[in-house]
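To start, the structure itself, in structure tokens.
Each value in this text was obtained by applying a stated rule to the coordinates, not by laboratory testing. Here the structure is a predicted model, which means the values were calculated and not measured. Neighbour counts are summed over all protein chains in view; Cβ atoms, including those assigned to glycine, are modelled from backbone coordinates with ideal geometry.
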Amino acid sequence: MSDSQRSAPLLEVRGLKKHFPVRKGLLSRVVGQVKAVDGLDFTLERGQTLSLVGESGCGKTTAGRTMLRLLEPTAGQVLYRADPTSEAVDLFNLPKKEMRALRPDLQIIFQDPYASLNPRITVGNAIAEPLLVHKIATGSEVEDRVAALLKRVGLRPDVANRFPHEFSGGQRQRVGIARALALSPKLIVCDEAVSALDVSIQAQVINLLKDLQDELGISYLFIAHDLSVVKYISDALAVMYLGRIVESGSADQIFNDPQHPYTRALLSAIPHADPKKRRQRIPLTGEIPSPIHPPSGCHFHTRCSLAEDRCRRDWPENVALGDGHQAACHLVQGASVTGA
């Protein structure tokens, strides 16, 4: 195996866009587009966690669901390699039959652990369903695998006959994790997987996800707005604002040396564990602009205290800061410019 094959990433996202049409009038004519995701580029390495972070409404969830083709994309590529030696396939160009064959590799954990479970079927049946649909197991083997999955996520196997309303929020999310694990995936999109849980339960679920990653080598795309959680689980980060990535890099680079004003503002809002230590809060004034009519130039300029005329006029290109760290800001000084 060549060095390039060994280092081949699991997933490469190139120019990902998802626009939703805005319709008006009796004839439902399209009068505009909601640019929920407007050109994302990122790479997810094998066995690592990449976190997409940003304020609510920035397009994180839409990006994750479009990447898995739960929403059909407007443009872009998602290049997936099942293993380092295989050729990359563009998920967006696969026929439905071939995409269905890849579904076991690509799973998702939803934000609301109650809404994502059918209240009319037991959790055991919910976990067993993907096994049956993809013909992974039959008969008594299904029950054995469901029991093993429940045990793996910290639940007793005898709860398989219970319904979702009989569980706490944290327990329901563990059921969601068990269901995602049922098909032995290589990638799991964690869509705000802990945001609806109490802080103590969040820690338990995060530790569970990390243990599963160490044991099974799963890659995570972790979508979140709580940066204190993200810091603990992430290998790499991509900071989104209004459908675009404004800064990306390793977790250490983003937390220790943030370059984009928006990233700095987000990090300044993280509460400090020591009450004697205080961060200087960087307030963000105003509302997030409409994705139907985003501002010209840098989309963040309407809320940035450092904005200059060129920020209002021109979209900043990604400035390479070294070791994979990039920021899309006119005010950042880096080694080279890598393109918009």
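Output the peptides 225-232, 261-268 sorted from most to least packed, where packing is the average of other Cβ atoms within 10 Å over each peptide's residues.
Numbers: 225-232: 17.2, 261-268: 20.6.
In decreasing order of mean packing, 225-232, 261-268 become 261-268, 225-232.
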Item to check | Rounded tilt (10° steps) of 169-181 against the dominant C-alpha axis of the chain | outcome: 80
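Counting DSSP beta bridges with both partners in the chain, what percentage is antiparallel, nearest 5? List each step's numbers first, then the result.
Details: 34 of 52 bridges.
Here the share of antiparallel DSSP bridges comes out near 65 percent.
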Item to check | Long-range HN-HN contacts of residue 162 with modeled amide H, under 5 Å | outcome: 123, 124
Next on the checklist: Under 8 Å for C-alpha pairs, at least 6 residues apart: give me the relative contact order for segment 1-127, rounded to a whole percent.
Outcome noted: 26
Item to check | Cα-based reach from residue 35 at 27 Å (exclusive), listing lysines while leaving out same-chain residues under 8 positions away | outcome: 17, 18, 24, 60, 96
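Give me the percent relative contact order of segment 107-183, please, defined on Cα pairs under 8 angstrom at least 6 residues apart. The partial results should precede the final answer.
Numbers: 96 pairs, mean separation 35.4, N = 77.
About 46 percent, as a whole number.
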Checklist entry - Among the lysines, which have Cα under 16 Å from the Cα of residue 231 when same-chain residues fewer than 8 positions away are ignored? => result 210
Checklist entry - Rounded to the nearest 20 Debye, what is the dipole magnitude of the chain about its Cα centre when Lys and Arg each give +1 and Asp and Glu each give -1 at the C-beta? => result 960
Item to check | Rounded to whole Hz, the Karplus (6.51, -1.76, 1.60) HN-Hα couplings of segment 237-248, x for glycine and proline | outcome: 10, 10, 9, 9, 9, 6, x, 10, 8, 9, 7, 8
Checklist entry - So who's got an amide H within less than 5 Å of the one on residue 318, skipping anything under 5 residues away but keeping other chains? H placed 1.01 Å off N, in plane. => result 338, 339, 340
Next on the checklist: 5 Å is the cut-off here: which amide hydrogens, built 1.01 Å from N in the peptide plane, fall below it relative to residue 32, excluding neighbours closer than 5 in sequence?
Outcome noted: 22
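Please state the relative contact order of the chain as a whole percent: Cα pairs under 8 Å, 6+ residues apart?
On the way: 643 pairs, mean separation 61.5, N = 340.
18 percent.
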Item to check | Highest-first arrangement of 60-70, 209-219, where packing means the average Cβ count within 10 Å | outcome: 60-70, 209-219
Checklist entry - Alpha carbon centre of segment 199-269 versus segment 28-79: separation in Å? => result 17
Next on the checklist: Between 317, 55, 87, where does the largest GNM mean-square fluctuation fall for the chain, given springs only between Cα atoms within less than 10 Å?
Outcome noted: 87
